[in-house]
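J.: The structure that follows is given in the form of C-alpha cells.
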Amino acid sequence: MDGCSFTDNAGLCGIPGLPTCGPHLSAGAKVGIGLGASFTFLLLIIGSVCWWKRRQNILRVQQIAGKNVTLWVIVVLIKCHWVERVCYGSS
C-alpha cells in the first residue's frame, strides 16, 4: 500500500477522489450541544453576578466598619462581657 493512498480506508471522505462527506451529527446531537452550551453560559453569568454582588457587599461592609470602628468595638466588648457573665457565671 502506498503511503499517499486513501482509497483502502473505509469511512474517509471529503478528499478529492473520495466520496463527499454527509452529515455527521444528528439533529438531536446538535440541539444537545446548543442546550449544553447555553446552560454553561447561563451558569457563568449567574456565577459572575453572585461574585460581583458578594464583592460589593464586602466593600460596603468594609466602608461601614471603617466609619464606625468605635461603635463596632463597643458592640463587640458588650457582647463578650455579656457572654462571659451569662455563660461562665463570672461578674
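J.: What is the extension gain from Leu42 to Ala29, computed as 0.36 nm multiplied by their sequence separation minus the C-alpha to C-alpha distance, in nm to one decimal?
T.: Answer, rounded to one decimal: 2.7 nm.
J.: Could you calculate the FRET efficiency of Ile78 with Asn57 from 1/(1 + (r/R0)^6), where r is the beta carbon distance between them and R0 is 22 Å, rounded to 0.05?
T.: Computed FRET efficiency for Ile78 and Asn57 comes out at 0.30.
J.: How long, wide and thick is segment 18-64, going by the Cα atoms along their three principal axes, in whole angstroms, largest first?
T.: Extents along the principal axes: 72, 20, 5 Å.
Only the coordinates and a few stated rules stand behind these numbers; no lab work does. Nothing here was measured: the structure is a model prediction, and the numbers come from that model. With ideal geometry, Cβ positions are generated from the backbone for all residues, glycine too; neighbour counts draw on all protein chains shown.
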